[in-house]
Ligand code: BJW
């Protein structure tokens, strides 16, 4: 039995021509990947972001950072998309214009079959060189915590293709996300604490432009101002809303 709020979101989706979905680490939690800020299991409950997710940290201890990202890459590769990722893929197959903007680096939206995914914080599955941003191939033998590859062009060490604190987001990804937030009829904000900028501002941007904004999260502290709040895990809430919006679709 869906709540009134869930029915409102289902109705808004049914009428929408353009939908933008902004996701964060919470959507991959049900695939077994930790979030960042869960007080018990989140990465930042065990490690300091300043030791692992900044250019200064990499300069200070490149091997530590490389090892951490190798472990996370291996976990991301082993993970399978869950019902939340699959519901978003299904939404893309029903509504003609659905843009997925993710802060996640794990590739699980793509593994679920979603297309045109905008990766605001890059991808853990790519590497480039630290000094000069030369793209590097991540071949199997290099993908090891014990072997830190160097750039064949300039000799600088490899780093993960993600966006660390203090770094600019990829220009094109950010511009496309801002455009998608500004032009959508409905925005779903799924599994993000809404703390990290500039991604966190996309929900308010959508609201300012008149979109219907709904937040899906088990933790009510992540409510975005003005948006409707659907309390619960993405893997339950999203399939429920889709089922209510399009009961006849498989
Ligand atoms: C579920 C669930 C289930 C659980 N279903 N939900 C303006 C003001 C203040 C500061 C700044 C600002 N502009 C820029 C900054 C600085 C900084 C920033 O925002 N700092 C904040 C901490 C305040 N931003 C940056 O540095 C960005 N760069 C930038 O803006 O450049 C220009 C600039 C630079 C410097 C100064 C000013 C301007 C870059 C940000 C890069 C973030 N990088 C990371 C690491 C990426 C690589 C990696 O994966 O290792 O990105 S940090 C980490 O946080 C990761 C995430 O993408 C990001 C967001 O986290 P997310 O996804 O929201 O996860 P959680 O854990 O926070 O939340 C999970 C949620 O899921 C929770 O709410 C749960 O309840 C929920 N949940 N189970 C649904 N089953």
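Bear in mind that the values in this text are calculations on the coordinates, not laboratory data. Since this is a predicted model, take the numbers as computed values, not measurements.
In the Gaussian network model of the chain, springs joining C-alpha atoms below 10 Å, which of 65, 216, 189 carries the largest mean-square fluctuation?
Ranking 65, 216, 189 by mean-square fluctuation puts 65 first.
Using only Cα atoms, locate the centre of the stretch 194-250 and the centre of the stretch 1-24, then give the distance between them in Å, rounded to an integer.
A separation of 8 Å, based on Cα centres.
With the contact rule set at Cα under 8 Å and sequence spacing of 6 or more, what percent relative contact order holds for the stretch 1-116?
Numbers: 117 pairs, mean separation 39.5, N = 116.
Relative contact order of the stretch 1-116: 34 percent.
Mind pulling the angle between the C-alpha long axis of helix 171-183 and the longest principal axis of the chain? Nearest 10 degrees, somewhere in 0 to 90.
10 degrees
Counting only Cα atoms, I'd like the Rg/Rh figure for the chain, Kirkwood definition for Rh. Can you show the working numbers first?
Numbers: Rg = 18.5 Å, Rh = 18.7 Å.
Ratio of gyration radius to Kirkwood radius for the chain: 0.99.
For the stretch 23-92, what does the alpha-carbon gyration tensor say about shape, rounded, prolate or oblate, given a ≥ b ≥ c as the root eigenvalues, a/c under 1.5 as rounded, and a/b over b/c as prolate? Write down the numbers at each step before the final one.
Values: a/c = 2.53, a/b = 2.03, b/c = 1.25.
In terms of gyration-tensor shape, prolate.
Would you mind telling me which residue in 181, 112, 234 has the biggest mean-square fluctuation in a Gaussian network model of the chain, where springs connect alpha carbons within a distance under 10 angstrom?
So, out of 181, 112, 234, the one fluctuating most is 112.
How far is helix 62-78 tilted off the main Cα axis of the chain, in degrees rounded to 10, range 0 to 90?
Helix 62-78 and the main axis of the chain meet at about 40 degrees.
What number, in percent, do you get for the relative contact order of the chain if the mean sequence gap of Cα pairs under 8 Å and at least 6 apart is divided by its residue count?
Working: 455 pairs, mean separation 62.6, N = 250.
This gives 25 percent for the chain.
Just check the stretch 55-103 against the gyration tensor rule for me: Cα atoms, a ≥ b ≥ c as the square roots of the eigenvalues, rounded for a/c under 1.5, and otherwise prolate or oblate depending on whether a/b exceeds b/c.
Values: a/c = 6.44, a/b = 2.37, b/c = 2.72.
Oblate shape, in that a/c is at least 1.5 and b/c is the bigger or equal ratio.
Which whole-number percent is the relative contact order of the stretch 187-250 (Cα, under 8 Å, 6+ apart)? Show your work: numbers first, answer last.
Details: 77 pairs, mean separation 18.1, N = 64.
Value for the stretch 187-250: 28 percent.
With n ≥ 4 as the cut-off for DSSP H runs, can you work out [θ] at 222 nm for the chain, using -39500 (n - 2.57) per run divided by the number of residues, rounded to the nearest 500? All intermediate terms of the calculation are to be shown ahead of the outcome.
Numbers: 10 runs with 92 residues, N = 250.
That comes out to -10500 deg cm²/dmol.
With no solvent and one equal point scatterer per Cα, compute the Debye intensity ratio I(q)/I(0) for the stretch 1-61 at 0.14, 0.18, 0.25 Å⁻¹ and report its log10, rounded to two decimals.
Once normalised to I(0) and log-transformed, intensities are -0.66, -0.82, -1.02.
Return the whole-Å distance between the Cα centroid of the stretch 155-188 and the Cα centroid of the stretch 31-57.
19 Å
Could you tell me how many degrees, from 0 to 90 and to the nearest 10, lie between the Cα long axis of helix 4-15 and the main elongation axis, the longest principal axis, of the Cα atoms of the chain?
Its long axis makes an angle of about 80 degrees.
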